[in-house]
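Working notes, beginning with the structure itself.
FYI, it's all coordinate maths here, none of it is from the lab. As the structure is a computational prediction, the values presented were derived from the model and not from experiment. Reconstructed Cβ throughout: ideal geometry from the backbone, glycine too, with neighbour counts over all protein chains shown.
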Amino acid sequence: MKSFARINLSSAALRRGILVSSLAFAVVTFFGGCDRWQRSVEARKQAARDGLTARKAFLAGALPESVRSAVPEDFYAYEGLRDWFRMPLVFPYQLEAIDSTLSFNLVRYNGTASVRDPNKSSENVRDGSSPMTTLSHLSFDRTMLLFKKEGVDEYGIFSFLEGGFVSFATEAELWTSAQGRGFSGPKRLIPVATVFDNYWAFRKPWLFASTPKATTEVSK
């Protein structure tokens, strides 16, 4: 009888041991999983920070220090709100769109209000008599913007340095002129929706990341 009791006691102790071990394993697994999840979240956040830093470095790389230090942080980091979309170019120029990202207007940030208030801080950049310049495709480097206008076979180069336009009737003429001006950006016109999506996907390489540094400084 005593032997049977000892056997039962040993079996109960064994069950308790197994239960404790299982609980300990579950706790370790849970907290280990939380730790891995936390590290994954931090890695994604760091990749996003690195992506934004790389984009800022490209866009501001040719600006004089006096201008670069005065650029609002939101200029590079604010995407827009609801149905209003924006993307920075070389300061003080940016792209803005309403409702759709298939085409964007070229605008100038005037510094009189926050980047978050386009009604007060944005001015359309006019190409001749047109009230605004609406783009469907583009490419750019630190000194110039190459583009195709929305809905028409018209092309142009906008100088970030001089703030002026040169127009072309064909894409071939555009690229011939761009080559002569020392353009160093991607050698193709990219849909603006793609450029927009790619800019704000901070954890992914940017379309313009490998563009060589320009030597010409862009003035305000």
Give the shape of segment 84-133 as rounded, prolate or oblate, defined through the alpha-carbon gyration tensor: a ≥ b ≥ c are the square roots of its eigenvalues, a/c under 1.5 means rounded, and otherwise the shape is prolate if a/b is larger than b/c and oblate if not. oblate
Using per-residue counts of other Cβ atoms within 10 Å, averaged over each peptide, order 44-53, 176-185 from highest down. 176-185, 44-53
Would you please put 84-91, 105-112, 116-123 in order of how densely packed they are, using the mean number of other Cβ atoms within 10 angstrom per residue and starting with the highest? 84-91, 105-112, 116-123
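Please work out how much length the chain gains when fully extended from Ala169 to Arg126, using 0.36 nm per residue of separation minus the C-alpha to C-alpha distance, in nm with one decimal. Please report the intermediate quantities before stating the final value.
Working: separation 43, 0.36 × 43 = 15.48 nm, distance 1.79 nm.
Using 0.36 nm per residue and subtracting the Cα-Cα distance, I get 13.7 nm.
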Cβ-Cβ FRET estimate between Ala48 and Gln179, R0 fixed at 25 Å, reported to 0.05: 0.10
Given the peptides 72-81, 194-203, arrange them by the average over their residues of other C-beta atoms within 10 Å, most packed first. 194-203, 72-81
Using a simple spin-label model with points 7 Å from Cα along the Cα→Cβ vector, what separation in nm is obtained for Lys187 and Glu154? 2.9 nm
With the Cα gyration tensor of segment 59-215 giving a ≥ b ≥ c as the square roots of its eigenvalues, does the rule (a/c under 1.5 for rounded; else a/b larger than b/c for prolate; else oblate) give rounded, prolate or oblate? rounded
From the square roots a ≥ b ≥ c of the eigenvalues of the alpha-carbon gyration tensor of segment 123-188, which class results: rounded (a/c under 1.5), prolate (a/b over b/c), or oblate? oblate
Each label sits 7 Å from Cα toward the beta-carbon; between Lys204 and Leu102 the label points are separated, in nm, by 2.0 nm
